[in-house]
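Down below is the structure, laid out as C-alpha cells.
The values are calculated or read from the model by the stated rules, or taken from the named source; none is laboratory data. Predicted model only: the values in this text are computed from it and were never measured. With ideal geometry, Cβ positions are generated from the backbone for all residues, glycine too; neighbour counts draw on all protein chains shown. Ligands, DNA and RNA are excluded from the accessible area calculation, which covers all protein heavy atoms including side chains. Shrake-Rupley method; radii C 1.70, N 1.55, O 1.52, S 1.80 Å.
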Amino acid sequence: MKVELARRVKLKQKFTTKRGLRQVKYTILGREMNQGLIFKLVLYGIFIVTSYVYMNPILKMLVKMVMSAKDLIDPTVTWIPSSVYLGHVVEAWKLLDYPKSLSISLLIAISTAVLHCISCGLAGYALARLDVPFKKTILFLVFLAFIIPPQVVILPTIMVYTKLGLNGHLLTLILPSIFGFGVKGALFVIIFRQFFSTQPKALEEAARIDGASALRFYVRVMFPLARPAILVVLLFSFVWTWNDTYYPRMFLGSSGDMPLALKMSFIDSQLTTFITNGGLPEYLAEPIKMGASFLVILPPLILYLFAQRYFVESVERTGLVE
C-alpha cells in the first residue's frame, strides 16, 4: 500500500513538473516571438503601410507643385520631376495675396486661442471646483452646446452682429472666444474641467486657510498648474480656427479681408475663370492648387513640428486618453 501511494505521488510530481516546464517553455517561446525578427517585421510593415496612407496625398502635393510644364504633360514622370520649378508656388502666392491673408489668419487664430484659454479655463475651473448654483444644469448645457452644429445658431448670430454693426469685421470671429464660444469652445471648457477635477483639494484648502479668494487661487495656483491643458487648448483652437471656412464665409463673405482658408476656397473659381478666358492652360491648374494648399498648411505644420512632443505629453496629462 505504501509503495503504491509513493508511486502515485511520484507520478503526480512528475506530471506537475512536466506541465510547469511546458508552461515555462510556452512563455519563453512567446517572449522570443515578441522580440523576434518576424514580429518586428510585421509590426513595422503595419506602421509603414499606415504612414503611407496618410503621407501619400502630402507627397503627391509636394511633387506636383514643383513640376515644370514639361513634366506635367510627360506621362512617364510621376514621382521624381526632372527639375524643380517654383513658378506654381509663386502664382499661388499671388492668388492668395499671401502676406495679407497670412497676417489676418495669424491675428484671428492666435487671438482666438489665447482668449479660449482664458475664458474656457475660468469656466472649467468653476464647473470643477466651485459650488455654483445650477451647476449640473450648466454642465448639461455645455455638453449640449458641444453637440449642436453651428448651422443651428448661425442665423441668430448674424442678426446680432448686424444690429451691432459688426458684420464683415474681423472682430466677429474673435468675439465669441471671449465668452468661451466660437469653434469648439464647449470642448475646451470640458478639457479644463477634466484637468482641474484631477487636482488635489489640499491645495484649495491651504489657500482658503491663508485667506486667498477663489479668483486669486485660480490665477496664482491652478492656472499655472494647467499648462498641459493650456497647450492642448492652444493648439486645438489655433488649428481649428486656422482651418475654419464656415464662420469666415458667413461673416466675411463680402469683405476684402479674408483668412487663408477662405481664400483657398475661392482659388478654384479663379483658376476656372483664367482657363475659360484662355489665360491659363488647364493642366497648370492642379499644380497651382497644390502650391496654394502647401502655403495654407505650412504655418500649422511648422507649429506642430515644434510642439509635437509637448502636445502628446499634454494630451496624456489632461485625461483625454482615458
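These residues, GLU204, GLU91, go from largest to smallest accessible area, 1.4 Å probe, as GLU91, GLU204.
Split the accessible area of region 122-161 by element, probe 1.4 Å, and carbon with sulfur accounts for 80%. Each of the peptides 39-47, 154-162, 295-303 was scored by the mean count of other Cβ atoms within 10 Å over its residues; in descending order, highest first, they stand as 295-303, 154-162, 39-47. For SER269, the accessible surface of its heavy atoms amounts to roughly 60 Å² (probe 1.4 Å, protein chains only, rounded to the nearest 10). Peptides 58-65, 131-138, ordered by how many other C-beta atoms sit within 10 Å of their residues on average, highest first, read 58-65, 131-138.
Between region 240-295 and region 118-189, the C-alpha centres lie 29 angstrom from each other. Quick check on region 53-142: take the gyration tensor over C-alpha atoms, sort the square-rooted eigenvalues as a ≥ b ≥ c, and tell me if it's rounded (a/c under 1.5), prolate or oblate. The shape class here is prolate.
When you restrict to C-alpha pairs under 8 Å that are six or more residues apart and normalise by the size of region 146-231, the relative contact order lands at 23 percent. What region 42-173 shows is 63 Å² of accessible area per residue, with the surface traced by a 1.4 Å probe over protein heavy atoms. Each Lys or Arg adds one and each Asp or Glu takes one away; over the other residues whose Cβ falls under 15 Å from the Cβ of ARG249, this sums to -2. For region 191-285, the carbon plus sulfur part of the accessible surface works out to 57%, probe radius 1.4 Å. The slack between TRP79 and SER51, meaning 0.36 nm per residue of separation minus the straight C-alpha distance, is 8.3 nm. To the nearest 10 Å², what's ILE48's accessible area with a 1.4 Å probe? Taking all protein chains as shown, ILE48 has close to 120 Å². Note that region 223-271 presents 40 Å² accessible area per residue, ligands and nucleic acids not counted, probe 1.4 Å. What does the charge count near LEU284 come to, summing +1 for each Lys or Arg and -1 for each Asp or Glu among other residues with Cβ under 15 Å from its Cβ? Taking every Cβ under 15 Å from that of LEU284, the sum is -2. In Å, the Kirkwood hydrodynamic radius of region 105-175 over pairs of distinct alpha carbons? So the Kirkwood estimate lands at 14.4 Å.
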